[in-house]
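Here the structure is laid out as structure tokens; the discussion comes afterwards.
Values quoted throughout were computed directly from the atomic coordinates according to the rules given, and no laboratory measurement underlies them. Just so we're clear, the structure is a prediction, and the values are computed from it rather than from any experiment. Using ideal geometry, Cβ is built from the backbone for each residue, glycine included, and neighbour counts are taken over all protein chains shown.
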């Protein structure tokens, strides 16, 4: 065979080898397929994150306001600290329960598939839906137990119906076949249950009546709670649209939602005038504008999810400090 023919055969062999798919040790073309990504199993910190701690201040504030009003109107008997503590357990239990319930319901529906914020336990696959549901039901049970204890202490048996309504409302926010949170009613529920009911209810179980201040305080903290929900939904407008979740922010759009958020966060400071006229120390609550105003400015100009998450944190902090400072002013 000539030298030229040998070179031609070698060249043809190299060309054929290049066109033939590579085989790995497994014998498959291209080797073994890439391993499918498996979600890291949820650890303790992930479960704590699932409780959404930044929302808890808005469960603490109305109980503090309701207790302060009760003390201001009936301080001869001192603090009703046991009832106040039970109210706090109810509020925190319901808040944490609804957070896990939302994680479960949104996860099994696929709503969290395209999240731009922190990942969720169910949607990310870090925890099984059954486990998340179990934790949610556990906190519902804790809230219910504290509520029943309150009913026994006060002998106000009709409050059992109120408690049942609160639990049902918490579950069907994102649970069930037709969750109202998917139909632009989330803000209404938050205002009613984590504003008026939590504040006025805390006052009522301690002194048997609800003074005007308790209703106004409940309105103020309810508005701030709504502001938290609105800014959270602004961040999720795009994925919520894709998932068919019709929040108020999806319906009115990004710009209108940011304006609404600003109004909801600032209106409580207008209501504060009512307290300043009666309680001299209430003026100190205006110092919390040092947190609320930056939240408003960032919300109006934010262009990214991390900026909106910062607004969420600032708003929760402003709500807690507003509630605690006003509680101090009313009580002392």
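Quick notes
- Approximating the spin labels as points 7 Å out from Cα along Cα→Cβ, the residue 297-to-residue 328 distance works out to 2.5 nm.
- Cα-projected label distance for residue 263 with residue 82, points at 7 Å along beta-carbon direction, nm: 4.6
- Protection proxy ranking for 244-256, 195-207, 61-73, using the average of other Cβ atoms within 10 Å per residue and placing the highest first: 61-73, 195-207, 244-256.
- With a Förster radius of 41 Å applied to the beta-carbon distance between residue 238 and residue 290, the computed FRET efficiency rounds to 0.80.
- Computed from the C-alpha gyration tensor, the three semi-axes of the ellipsoid equivalent to region 52-331 are 30, 25, 14 Å, from longest to shortest.
- Cβ-based exposure ranking for 74, 236, 103, in which fewest neighbours within 10 Å come first: 74, 236, 103
- Distance between the C-alpha centres of region 272-310 and region 216-246: 17 Å, rounded to the whole angstrom.
- Average Cα contact separation per residue, region 52-331, under 8 Å, 6 or more apart, as relative contact order %: 25
- Gain in span if fully extended, residue 313 to residue 130, counting 0.36 nm per residue against the direct Cα distance: 62.9 nm
- Extension gain for residue 53-residue 154 works out to 33.3 nm (0.36 nm per residue, less the C-alpha to C-alpha distance).
- Among 261, 44, the ranking by other beta carbons within 10 Å of each residue's beta carbon, starting with the fewest, stands as 44, 261.
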